[in-house]
Each structure stands twice: as C-alpha cells, then as structure tokens.
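Chemist: Sharing a structure, written as structure tokens. Questions coming.
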Amino acid sequence: MPNHHRGEIETEIGGATRRLVLTLGALAELEAAFGAADLVALAERFGSGRLKARDLVRIIGAGLRGAGEDVSDDEVAEMTVPDGAAGYVRIAADLIAATFGAPAAKEETARPLP
C-alpha cells in the first residue's frame, strides 16, 4: 500500500504493480534533466501542461528509482501501461500531484486498474 503522506503512488507499469515516489534525489535528477534552476521552476514546467513523451519517461523513471527500482529511462520507455499514451500521462500527473500537493491527487486515480 503506498504511503500517500510521503507522495507515493502505486500503479500498473510493465505488467506489474509498482510504487513510484519523487524523493529529493529524484527531484534533483529531474531538475538536472530539465535544466530547472530550482523546485519552483520544475513545478512550473510540469504545470505548463506541455510535456513530451521523453518528459513522461523521465518523470516515471525518476519515480520508480525514487521508490527503489533499478531501472533506466531506456527500460522505462519500453514498458507498457494500461490505456496507452493516456495511461502514461495519468501516471505522471498523479505522481506530480502527489509530490507537489496538488488537489488533483486522488487515491482512487493512482491505484492499479482491474
């Protein structure tokens, strides 16, 4: 069960139920990847609503690594999720909302699909 107070979500990725969390290290990784000056700039980038597929890979990969998985972005790019592209967007949005405390983060949104 994910700890929502720590910003964890749980969802199906690559045929398995996985936990994701953007730890401080994962956020630092994303700051570097996106060239963001700080967390505010990173949050603003995410809030723009314009994320590339590669951005989704980086966000999901950082979340998986933050939760302890040993996975590269290239491996994440090969993983499938239910609902295709919309599923990747939902996972990234849920993770960002759980991390930054956005009101859109709902328990039922991030659970595995039946």
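Chemist: Can you pull out every residue in region 26-46 that is in contact (Cβ under 8 Å) with a residue 40 or more places away in the chain and out of contact with any helix residue (DSSP H, G or I) (no Cβ under 8 Å at 6 or more places or on another chain)?
Modeler: Matches in region 26-46: none.
Chemist: If you go through region 20-44, how many residues are more than 13 Å from the chain's Cα centre (by Cα), part of a helix (DSSP H, G or I) and either more than 19 Å from residue 90 (Cα to Cα) or polar (S, T, N, Q) (or both)?
Modeler: 10
Chemist: Any residue that is surrounded by 20 or more Cβ atoms within 10 Å (Cβ to Cβ), among the charged types (D, E, K, R) and touching a helix residue (DSSP H, G or I) at 6+ places or on another chain (Cβ under 7 Å) - is there at least one of those in region 15-23?
Modeler: yes
Chemist: Would you check if there is a residue in region 81-92 being modelled with pLDDT of 90 or more, in contact with a helix residue (DSSP H, G or I) (Cβ under 8 Å, 6 or more places away or on another chain) and hydroxyl-bearing (Ser, Thr, Tyr)?
Modeler: Taking every residue of region 81-92 in turn, at least one turns out to be modelled with pLDDT of 90 or more, in contact with a helix residue (DSSP H, G or I) (Cβ under 8 Å, 6 or more places away or on another chain) and hydroxyl-bearing (Ser, Thr, Tyr).
Chemist: Test residue 49 against the stated conditions and say whether it is at positive phi and touching a residue at least 60 places away in the same chain (Cβ under 8 Å).
Modeler: no
Chemist: For the subset of region 93-114 comprising residues that are surrounded by 20 or more Cβ atoms within 10 Å (Cβ to Cβ) and farther than 13 Å from residue 47 by Cα, which member is modelled with the highest pLDDT?
Modeler: Filtering first and then ranking leaves 98.
Chemist: Looking only at region 63-86, how many residues end up being small (Gly, Ala, Ser) and buried (at least 17 other Cβ atoms within 10 Å of the Cβ)? Spell out how you get there, then give the answer.
Modeler: Of region 63-86, the ones small (Gly, Ala, Ser) are 63, 66-68, 72, 77, 84-86.
Remaining after also requiring buried (at least 17 other Cβ atoms within 10 Å of the Cβ): 63, 66-67.
Selection size over region 63-86: 3.
So that you can scan it fast, the table gives a plain yes or no per residue for (1) modelled with pLDDT of 95 or more; (2) out of contact with any Lys or Arg (no Cβ under 8 Å at 6 or more places or on another chain); (3) not small (Gly, Ala, Ser):
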{"site": "21", "(1), (2), (3)": "yes, no, yes"}
{"site": "35", "(1), (2), (3)": "no, yes, no"}
{"site": "40", "(1), (2), (3)": "no, yes, yes"}
{"site": "53", "(1), (2), (3)": "no, yes, no"}
{"site": "69", "(1), (2), (3)": "yes, no, yes"}
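Chemist: So residue 60 ticks every box in (1) loosely packed, with under 14 Cβ neighbours inside 10 Å; (2) at pLDDT 95 or above; (3) part of a helix (DSSP H, G or I); (4) not aromatic (Phe, Trp, Tyr) but one. Which box is left unticked?
Modeler: (1) is the only condition that residue 60 fails.
Chemist: Okay, moving on. In the set 47, 61, which member is under 13 Å from residue 93 (Cα atoms) and among the small types (Gly, Ala, Ser)? Break it down stepwise before answering.
Modeler: Details: 61 fails: under 13 Å from residue 93 (Cα atoms).
Answer to the selection: 47.
Chemist: Let me ask you something else. Got a number for residues in region 63-81 being without any contact (Cβ under 8 Å) to a residue 24 or more places away in the chain, in a loop (DSSP other than H, G, I, E, B) and of a type in the set (D, E, K, R)?
Modeler: Summing the residues that are without any contact (Cβ under 8 Å) to a residue 24 or more places away in the chain, in a loop (DSSP other than H, G, I, E, B) and of a type in the set (D, E, K, R) in region 63-81 gives 1.
The values are calculated or read from the model by the stated rules, or taken from the named source; none is laboratory data. This is a predicted model, so every value here is computed, not measured. Neighbour counts run over all protein chains shown; Cβ positions are idealised from the backbone, glycine included.
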